[in-house]
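Let me begin by presenting the structure, written as structure tokens, before commenting on it.
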Amino acid sequence: MVAPKYWRVVLKLSGEALAGSFGYGIDPDVVNAIARQIKEVVEHGVQLAVVVGGGNIWRGVAGSAKGMDRATADYMGMLATVMNALALQDALQTHGVDTRTQTAIEMKEIAEPYIMRRAIRHMEKGRVVIFAAGTGNPYFSTDTTAALRAAEIEAQVILMAKRVDGVYDCDPLIHPGAIKFEELSFIEMINRGLGVMDATAASLCMDNKIPVIVFDLNQHGNIKKVVFGEKIGTYIGGEFDGQGDS
């Protein structure tokens, strides 16, 4: 049997991904579909952690743009990620996947506090770990959280789930002639202003040599395909890195 290419991964899910066609809130059907894809991967012995966003419930940047204190707005966004994490944890447990949620802001009644070594131990035991509440600090995105946690747990790759099948030179949902990139360097991504992740997250990935693969979450089985090395989506690596050499 073919072995997975990556044995420890961080899956980055945006809050919008959990909303499905609703555009806001949590769509149970979408969450269950994601849980089934994660189960497929974990059953092959892959150690998997998930970082969830909260944009389907609240976006701190949007709140601050309307006059709210930025730190307060960001903390509200962190709480939104906890709601999403609990929804995903419930779906995974329903599908028989042992799961632990760890939060960067302590709320011991519903989740464990984030402890790096405990998270790694959970993964070594075959449990999925969901990282919620961002980094626990305002002014940092959940993309940065994904990069930071990936570095801390020594993940081999960040899988960035999107609603499109990779990175394009412009929005393919608006521009039919948009050109898809098969591979990119982090520097090129930043210089082109492609908006895949913020500069802080990109710098963390680049400094720690953690590649990012952007792919379409809506196609069932894509998480497994990426983990097993199938070339789908867009691979983002170092200046001279490439998916075939990673």
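The values are calculated or read from the model by the stated rules, or taken from the named source; none is laboratory data. All values derive from a computational prediction rather than experimental measurement. Positions of Cβ are backbone-derived with ideal geometry, glycine not excepted, and every protein chain shown enters the neighbour counts.
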Of the residues in segment 202-219, how many are free of Cβ contacts under 8 Å to residues at least 60 places away in the same chain, farther than 26 Å from V30 by Cα and not hydrophobic (A, V, I, L, M, F, W, C)? 4
Could you identify the single residue in A161, A147, A151, A119 that is part of a helix (DSSP H, G or I) and closer than 23 Å to H95 by Cα? A119
Residues that are within 23 Å of G60 (Cβ to Cβ) and not in a strand (DSSP E or B), drawn from segment 122-144: A133, G134, T135, G136, N137, P138, Y139, F140, S141, T142, D143, T144
Select from segment 165-201 the residues that are closer than 20 Å to G134 by Cα and without any contact (Cβ under 8 Å) to a residue 24 or more places away in the chain and write down the one among them that is surrounded by the fewest Cβ atoms within 10 Å (Cβ to Cβ). G195
State which residue is modelled with the lowest pLDDT when the search covers only segment 39-63 and only residues that are among the charged types (D, E, K, R) and either closer than 17 Å to L13 by Cβ or in a helix (DSSP H, G or I) (or both). R59
Looking at segment 202-209, is at least one residue part of a helix (DSSP H, G or I), in contact with a helix residue (DSSP H, G or I) (Cβ under 6 Å, 6 or more places away or on another chain), surrounded by fewer than 16 Cβ atoms within 10 Å (Cβ to Cβ) and among the hydroxyl-bearing types (S, T, Y)? no
Looking only at segment 8-38, which residues are over 21 Å from T135 (Cβ atoms), outside any helix (DSSP H, G or I) and within 16 Å of the chain's Cα centre (by Cα)? none
